[in-house]
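K.L.:
I am attaching a structure below and will ask some questions about it afterwards.
Nothing in this text is a laboratory measurement; each read-out follows from the coordinates by a stated rule. Since the structure is predicted, the reported quantities are computational estimates derived from the model, not experimental observations. When we count neighbours, we look across all protein chains shown, and the Cβ atoms used for this are built from the backbone with ideal geometry, even at glycine.
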């Protein structure tokens, strides 16, 4: 049964991709959705057996490859962390598949689309169930490939091509760091098996490796390299630029990438490797600071974006910063708990946004919407629930994990934790503002939509609404039902899956009341600010006019793309054309390469024809010169044999012979 969890999406993808033309639109959709749904049912049983009954399962399938000490095999590891991820991935993927049946109904290539969705799910399941780093890396690379295929699904669009290539190249940087980290693990531990590496982590905590002639703490270097991989996949500051551009794919793709797959891989990997990170405190400081800065950057950028899906994308980036932040302060269980909660309300937000865009004839600019609450009441209700859960409104799913992250950050009295707390608390205000700004501009203000778009607006079909309603229930109740089980005081839910510090578990219960109430105060203030700014626009234009430059700076995403283009991409293109192509390929290689040598020989032969004058004494002179050179070489051979090889001697003889013939 456990293997079927992984194999079902693969089988669905193979059938839809290989036989889609025979199965047709409905057949491919039915097979892929059914396979992922059966995988979800098996995941539910696995969750009961492994997590609730505390019975971890390890399956060793077969050998992969062996080379001296290095051995890698096909194996699967099902513990509490794995089965939580399985529930999240398969449930969200099933709903996205069901949503796509209606959303992509008019697309002629829906079998290919459903095959890509299923293969995306398969690789993510392979990633979270692996029992060694190599198999995890296979899934890691697989989700990168699947994201490229899905972002570039409409491959006739230039912007989709560019976004897919950008996502692939940016992730290559992070993947390179992860690969180096895995190599470092093998150097230190002589194995890449999870159980062996984590068991031996305490014994190598003082181990040092030499880099550039300097001794460095091995686990710190390994932790930072692994985190570089997480920075790429989970879109942390520096390698985040691919995530907003991934919106060029269909909306179901955005929901799957942002809620259950791809971006959650980095958080999962850090939590999985928590025994290593706990012996690398400097790496944890780096994780905390980058996570907090990502949260702040993405929240400020999302304030002024006008594309509906792009605002939600920056919201994902900000929430991923919260998860990374929680892992950086050693509260991995809280980070994974927020990952699970976030999956439900973020999928709800993206699919609701897709419903709005679908109803408005693919319009995504919020400035061209408004007044949709009367035309799309169900979609408005769904997006309201998702937004309230996102801003951590009391007693909704997001409230139980997002506020807890801030509480545990405040309760850990270190400089990096306090830095993370204040940035995270500030971002609560920003999150509330842009979430309610989306609601006001899309649904509540006076309409700015075109007449041609509005006259055809209608509520979504049943297949579109069923996933939204299910996700709405998840966005309301999941956090409440799972809180005591996953992060409650004294819970043994996680077992040995991740590291938990008993001394950190109950400190957050005793922080000052003001800091416990600060998030809800900032949330309400952000909602009020969004109402004032977006309802009294003439007044706010005068107030915000002095901040025009700052507005442009935020709207241009802190100019990260411009800096990368001017100082990295343009330099790389210039090097590729001016030096690599013109100087090396067209210059050096064409002159000294095989083509250049052949051209030179042919030119010499053509020029030598001018020596054929027809006079006997000219030929006699050439023969005399050739004979003289030959005798000279023979006489000086002992002096120059250390320079010339006997093969060169044959070439000289051949040259003399050819010259005499010519």
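K.L.:
Can you pull a Stokes-Einstein diffusion coefficient for region 305-390 at 4 °C (1.567 mPa s), Rh from Kirkwood over Cα pairs, as a whole number of µm²/s? Before the final figure, lay out the partial values.
P.N.:
Working: Rh = 13.9 Å.
Using the Kirkwood radius from Cα pairs, D works out to 93 µm²/s.
K.L.:
Let me know the Rg and Dmax you get for the chain when you use only its Cα atoms, in Å.
P.N.:
In order Rg, Dmax, the Cα atoms of the chain give 31.6, 114 Å.
K.L.:
Right, next: Taking 0.36 nm per residue of separation and subtracting the Cα-Cα distance, what length does fully extending residue 461 through residue 74 add? Show your work: numbers first, answer last.
P.N.:
On the way: separation 387, 0.36 × 387 = 139.32 nm, distance 4.31 nm.
Gain on extension, residue 461 to residue 74, equals 135.0 nm.
K.L.:
Once you have all Cα-Cα distances for region 132-247, histogram them in 10 Å bins from zero and send the whole-percent values.
P.N.:
Pairs per bin, as whole percents: 14, 38, 27, 15, 6, 0.
K.L.:
Of all alpha-carbon pairs in region 317-364, indicate the percentage at a distance above 12 angstrom.
P.N.:
Of all Cα-Cα pairs in region 317-364, 65 percent lie more than 12 Å apart.
K.L.:
Right, another one. Return the distance in nm (one decimal) between the two label points of a simple spin-label model at residue 477 and residue 64, each offset 7 Å from Cα along Cα→Cβ.
P.N.:
Each label point lies 7 Å from its Cα, and together they span 4.0 nm.
K.L.:
Mind checking the angle between helix 397-411 and the chain's longest principal axis? C-alpha axes, 0 to 90 degrees, to the nearest 10.
P.N.:
Orientation of helix 397-411: about 80 degrees from the principal axis.
K.L.:
According to the Kirkwood expression over distinct Cα-Cα pairs, how big is the hydrodynamic radius of region 276-320, in Å? Intermediate results must be reported in sequence, preceding the final value.
P.N.:
On the way: mean 1/r = 0.0871 Å⁻¹.
After inverting the mean inverse Cα-Cα distance, the result is 11.5 Å.
K.L.:
Here's a follow-up. What is the distance in Å between the Cα centres of region 382-405 and region 129-180?
P.N.:
Spelled out, the Cα-based centre of one part sits 30 Å from the other.
K.L.:
For residue 484 and residue 209, what does the FRET efficiency come to when R0 = 60 Å and r is the distance between their Cβ atoms, rounded to the nearest 0.05?
P.N.:
Working: r = 43 Å, r/R0 = 0.71.
Efficiency computed from Cβ-Cβ geometry: 0.90.
K.L.:
May I have the convex hull volume per residue, in Å³, for the Cα set of region 1-46? Walk me through the numbers before you get to the answer.
P.N.:
Numbers: hull volume 2.0 nm³, N = 46.
Roughly 43 Å³ of hull volume per residue.
K.L.:
In a Debye calculation with equal point scatterers on the alpha-carbon sites of region 220-291 and no solvent, what is log10 I(q)/I(0) at q = 0.13, 0.14, 0.21 Å⁻¹?
P.N.:
Relative scattering, expressed as log10 I(q)/I(0), comes to -0.40, -0.46, -0.85.
K.L.:
How tilted is helix 616-635 with respect to the longest principal axis of the chain? Cα atoms for both, answer in degrees (0 to 90, nearest 10).
P.N.:
Helix 616-635 and the main axis of the chain meet at about 70 degrees.
K.L.:
Do me a favour and compute the ellipsoid semi-axes for region 10-86 from its Cα gyration tensor, root of five times each eigenvalue, largest one first, whole Å. Intermediate results must be reported in sequence, preceding the final value.
P.N.:
Working: eigenvalues 185, 98, 9 Å².
Output for region 10-86: semi-axes of 30, 22, 7 Å.
K.L.:
Hey, could you grab the Kirkwood Rh for region 250-373? Inverse mean 1/r over distinct alpha carbon pairs, Å, one decimal.
P.N.:
Details: mean 1/r = 0.0651 Å⁻¹.
Its Kirkwood hydrodynamic radius stands at 15.4 Å.
K.L.:
Taking only the alpha-carbon positions of region 69-152 and ignoring solvent, what does the Debye formula give for the base-10 log of I(q)/I(0) at q = 0.12, 0.19 Å⁻¹?
P.N.:
Values, matching the q order: -0.42, -0.86.
K.L.:
Can you check what the Kirkwood hydrodynamic radius comes to for region 1-135, Cα pairs only, in Å to one decimal?
P.N.:
On the way: mean 1/r = 0.0646 Å⁻¹.
Result for region 1-135, one decimal place: 15.5 Å.
K.L.:
Explain nothing, just the number: relative contact order of the chain, from Cα pairs under 8 Å at least 6 residues apart, as a whole percent.
P.N.:
Details: 1003 pairs, mean separation 75.5, N = 662.
Contact order relative to length: 11 percent.
K.L.:
At 222 nm, what value in deg cm²/dmol follows for the chain if DSSP H runs of at least 4 each add -39500 (n - 2.57) and the sum is divided by all its residues, to the nearest 500? The partial results should precede the final answer.
P.N.:
Values: 29 runs with 453 residues, N = 662.
Counting only the DSSP helices, I get -22500 deg cm²/dmol.
K.L.:
Let me ask you something else. Give the residues of region 190-227 whose amide nitrogen is closer than 16 Å to a point set 7 Å from the Cα of residue 176 in the direction of its Cβ.
P.N.:
Counting only backbone N, you get 225-227.
K.L.:
Okay, moving on. Give the order of 367, 157, 557 when sorted by the count of other beta carbons within 10 angstrom, beginning with the fewest. Please list the in-between numbers first.
P.N.:
On the way: 367 10, 157 13, 557 21.
Listing 367, 157, 557 from fewest to most nearby Cβ atoms yields 367, 157, 557.
K.L.:
Moving on to the next point. May I ask for log10 I(q)/I(0) of region 387-500 at q = 0.20 Å⁻¹, from a Debye sum over the Cα atoms as equal point scatterers with solvent left out?
P.N.:
So the normalised log intensities work out to -1.21.
K.L.:
For a quick check: sort 200, 273, 465, 61 by the number of other beta carbons within 10 angstrom, fewest at the front. All intermediate terms of the calculation are to be shown ahead of the outcome.
P.N.:
On the way: 200 15, 273 28, 465 18, 61 11.
By the 10 Å Cβ count, ascending, the order reads 61, 200, 465, 273.
K.L.:
If you don't mind, another one. Give the angle, between 0 and 90 degrees and rounded to the nearest 10, that separates the Cα long axis of helix 110-129 from the longest principal axis of the Cα atoms of the chain.
P.N.:
Here the helix axis deviates by roughly 90 degrees.
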